[in-house]
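Beneath this line is the structure, given in structure tokens, with notes to follow.
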Amino acid sequence: MRSAALPDLTGATRLVPILAHPVDHVLAPRIYNPAFAAAGLDWCLVPMGVQPRDFAATVAQLARLGNLQGMNLTIPHKAAAHALCRHRGPEAERTGVVNTMRLEADGSWSGESFDGIGFVDAARAHGVLRADSPVVLVGCGGAGTAIAFALGAAGVRTLHAIDSDPQRAERLVAALRRSYPQMDADTDAAGLRSAGLAINATPLGLHAGDALPFDPALLPAGAALFDIIAARDTELMAACAARGHAVVGGRPMIDHQVAAQIAFWRGSPTALPRPLLPAESFRDER
């Protein structure tokens, strides 16, 4: 039996590559291709493994395809994608990252970030996000940055940002303080002990045997975990669930942004995340 995630491909099919490195964990076709079919679109999302050093050249070559609809970006290409876009939506401008690209008629790229809104909408839908409850963000890369800015726009008052690269976390916190002065943002790892919500925005958990991004025993009773990894249920999720914490995996974050991404790829001028608070752009060259 043909899988619902595997469309019948013809010469009329429009391609949407998802660029990643490594690529073996990418299960996005199982989500996007059924969504394309449900929308009546003859599109196909295809994973492509691209080394960071080859990213710009690969994007330039893909732009030459006659049946390219757009591109999806994941680890580690979101900041590099931002640099290649001549036109950027408001979230891309604020955060310095792009996870969705569209090729314009003049050969230029437009880009936007939908990760932040996808996360906030999913967290609200699952009842794990409250503005007055401290949030700990573990991982300050492309997705983590988008999430942090969206949390600021959502009115979260306290955010502790943690990263294996302390300087990257400090840069993100400095940008958040400029953009959202009402937010109490810092890099204090001890914030895990008072967290209402902990977020894993690191790649740890993509593969069995990965180290845990933090010790679940540090979370207080009543805290929730949102692990944005969608490829699998992670060991962190299992450990937190075993301790009685509410747990959300990464699939809902994708589900809550797919419709907006489809509209963006189709060229809708209104296919942008809801406006956030005025904020200056943050670009972390990573």
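Each reported figure results from applying straightforward, stated rules to the coordinates on display, with no laboratory input. Everything quoted here is computed from the prediction, not taken from an experiment. A quick note on method: Cβ atoms are made from the backbone with ideal geometry, for glycine too, and the neighbour counts reach across all protein chains shown.
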Check: segment 116-252 dipole with +1 on Lys, Arg Cβ and -1 on Asp, Glu Cβ, in debye: 320 debye
Cα-based convex hull volume of segment 14-113 per residue, rounded to whole Å³: 95 Å³
Segment 159-219: radius of gyration over Cα atoms, expressed as a fraction of 2.2 N^0.38 Å: 1.21
For residue 224, residues with placed amide H under 5 Å, excluding near neighbours: 197, 198
Amide H contacts of residue 68 (H built 1.01 Å from N, under 5 Å, at least 5 apart or other chain): 15
Per-residue HN-Hα couplings for segment 127-140 [Karplus 6.51, -1.76, 1.60; θ = phi - 60°; Hz; x = Gly/Pro]: x, 10, 10, 10, 4, 8, 10, x, 10, 10, 9, 9, x, 10
³J(HN,Hα), Karplus 6.51/-1.76/1.60, whole Hz, each residue of segment 13-27, x for Gly, Pro: 5, 8, 9, 10, x, 10, 9, 8, 7, x, 10, 5, 8, 6, 10
Segment 116-252 - convex hull of the alpha-carbon atoms, volume per residue in Å³: 90 Å³
Part-to-part distance (alpha-carbon centres) for segment 83-100 and segment 127-168, which is given in Å: 19 Å
Over the chain: Kirkwood hydrodynamic radius from C-alpha pairwise inverse distances, Å: 19.1 Å
Residues 48, 237, 71 arranged by fewest to most Cβ contacts within 10 Å: 48, 237, 71
